[in-house]
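Comments concern the structure below.
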Amino acid sequence: MVTIGLISYSVYLVHWPIIVFYKYYTKMPLGFVEQAIVITASLVLGFIFQRYIETPFRNKPTIKGFFSNIKFIPACGTLAALMSITAITAFIGHGWQWRLSPLPAGVAEQLSNSKQFHIDQYGGAGSPWTGWISGGQNGVADIVVIGDSHARHYATGFDLEIAKPLNKNIYTSVYGCLMMPGMTKVTPGEDHDSGCQSALDKALAVIDESPDAIVVISQAWREQLMTAAPKTTRIKISNGIGDDGYQFVATKLAELKKRIGNRQLVVVGNVPGAGESDVIGCFSRPRFFPSDCEERLGVKQEGLPTIPGNRALEKFAAATPGVTFLNPYDAFCQNGFCKSYDGEKVYYSDASHLSKAGSVVAIRKFKNMLVSILNSTELHSMYK
């Protein structure tokens with residue numbers, strides 16, 4: 001223990017670069033074996049650094065002599081100049097893109113402004129938090145989309161796959177909460193009580209003016225259940241991310257269905273996720289790194305934490321007339337693997353939000369079902 005204590009500062013200095021560079025090279029999280037290797041390597045390197053760098057540097061006469069040496073100033077100046085030149089050339093060269101292998105055309109297009117990839121490529125980029133994705137001149141909607149940012153990330157897909165080709169009016173109202181009657185979010189910061197209810201009220205106002213509309217609700221269900229609470233109690237849901245949480249959601253969805261009357265309610269489940277926050281970073285590796293982004297980018301379907309929630313939502317929809325469940329896993333997962341990239345497009349703008357490309361893939365998968373619901377709603381309205 002004493003030895004580990006003596007080398008602890010050097011271990012602290014070396015362990016994080018080892019983890020970062022390992023994950024950078026492999027593009028995968030650390031498993032148990034990898035964690036054991038990293039710990040061992042950190043201890044070994046920490047011992048070497050402590051003995052041959054840290055200990056000699058602590059020798060006061062050596063330090064005093066070094067700082068008093070006239071060569072210290074030019075040495076620091078040279079080092080500063082080298083660092084400045086490196087930084088400037090990297091900035092001007094947009095990250096030294098000459099290091100990279102040629103990118104697929106679609107990825108190159110997505111990376112046109114990689115400094116703000118999530119901002120530019122998020123599936124809801126350019127769409128309103130509350131307002132019309134398309135149409136709306138007469139105030140009547142064909143589709144009303146509600147939820148949080150995981151509802152908004154379908155905006156591009158709705159626009160390109162349904163609104164424009166089918167000339168449908170689509171309204172959206174989203175807020176970072178579990179957007180159902182009487183709900184709020186118990187986190188500090190914004191006035192979630194009024195913000196969540198206001199967004200829902202605006203959507204309901206459009207729904208009331210749209211007798212043939214279908215209502216689509218999509219959330220990051222698991223994440224929202226961690227902080228959601230009824231406005232009346234402001235007490236978080238017990239076992240929010242477990243069975244109790246989704247039973248509570250089922251009661252609230254039933255309440256929402258009752259509020260919208262005979263209109264069809266479409267519940268969209270959790271997305272599988274990208275597996276890592278920097279999906280696009282896989283394509284920014286130097287050319288001597290393995291070029292296996294298509295195989296690496298994604299997650300194994302087995303054991304994903306959002307699967308039980310999707311099953312609970314699907315069960316509710318199957319047991320409730322006028323409710324349909326759409327599972328994003330159907331769009332992105334095959335043979336037990338959920339892809340974050342396929343062909344030439346990256347499907348996520350960060351760890352869990354769909355990119356514009358992913359938004360289109362998802363809505364294209366759901367399109368036939370959504371159109372069928374729209375047609376049946378219009379037909380029912382025609383003959384009632």
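Name the residue, out of S359, S376, S355, S372, that is closer than 21 Å to P165 by Cβ, at pLDDT 95 or above and among the polar types (S, T, N, Q). Show your work before the answer.
On the way: S376 fails: at pLDDT 95 or above; S355 fails: at pLDDT 95 or above; S372 fails: at pLDDT 95 or above.
Only one candidate passes the filter, namely S359.
Answer with yes or no whether A351 is crowded, with 21+ Cβ neighbours inside 10 Å and in a loop (DSSP other than H, G, I, E, B).
Working: crowded, with 21+ Cβ neighbours inside 10 Å: no; in a loop (DSSP other than H, G, I, E, B): yes.
No: the conditions fail for A351.
Within segment 169-207, the residues that satisfy the criterion of being crowded, with 17+ Cβ neighbours inside 10 Å and hydroxyl-bearing (S, T, Y) are Y171, T172, S173, Y175, T184. Segment 47-134 holds helices (runs of 4 or more DSSP H) entirely within its bounds, and those carrying 2 or more residues that are at pLDDT 75 or above and small (G, A, S) map to 72-92.
Of all residues in segment 169-196, which are outside any loop (DSSP other than H, G, I, E, B) and closer than 13 Å to A229 by Cβ? Residues satisfying the conditions are M183, T184, K185, H192, D193, C196.
Quick check on this structure: which one of S210, S238, S218 is surrounded by fewer than 23 Cβ atoms within 10 Å (Cβ to Cβ) and in contact (Cβ under 8 Å) with a residue 12 or more places away in the chain?
On the way: S238 fails: in contact (Cβ under 8 Å) with a residue 12 or more places away in the chain; S218 fails: surrounded by fewer than 23 Cβ atoms within 10 Å (Cβ to Cβ).
Answer to the selection: S210.
Among residues of segment 129-168 being under 30 Å from T227 (Cα atoms) and among the β-branched types (V, I, T), the one that is surrounded by the fewest Cβ atoms within 10 Å (Cβ to Cβ) is T130. Checked against (1) surrounded by 15 or more Cβ atoms within 10 Å (Cβ to Cβ); (2) under 30 Å from V186 (Cα atoms); (3) in contact (Cβ under 8 Å) with a residue 60 or more places away in the chain, D243 passes all but condition (1). Within segment 320-338, the only residue that satisfies the criterion of being closer than 14 Å to Q264 by Cα and without any contact (Cβ under 8 Å) to a residue 12 or more places away in the chain is P321.
If you go through segment 288-314 and keep only what is charged (D, E, K, R) and touching a Pro at 6+ places or on another chain (Cβ under 9 Å), you end up with just R296. If you go through segment 304-328 and keep only what is surrounded by fewer than 18 Cβ atoms within 10 Å (Cβ to Cβ) and not hydrophobic (A, V, I, L, M, F, W, C), you end up with P305, P308, R311, E314, K315, T320, P321, G322.
Criterion applied to A205, A199 was being over 20 Å from N368 (Cα atoms), in contact with a Phe, Trp or Tyr (Cβ under 6 Å, 6 or more places away or on another chain), assigned by TED's automatic domain parsing to the domain that holds S355 and not in a loop (DSSP other than H, G, I, E, B), and the one residue passing it is A199.
Within segment 185-214, the set of residues being under 22 Å from the mean Cα position of the chain (by Cα) and of a type outside the set (G, A, S) comprises K185, V186, T187, P188, E190, H192, C196. Scanning segment 24-34 for residues that are in a helix (DSSP H, G or I) and either more than 27 Å from Y341 (Cβ to Cβ) or out of contact with any helix residue (DSSP H, G or I) (no Cβ under 9 Å at 6 or more places or on another chain) (or both) yields a count of 3.
The values are calculated or read from the model by the stated rules, or taken from the named source; none is laboratory data. Note that the structure is a prediction, hence the values are computed from the model and not measured. So basically every Cβ, Gly included, is an ideal-geometry build from the backbone, and we count neighbours across all protein chains shown.
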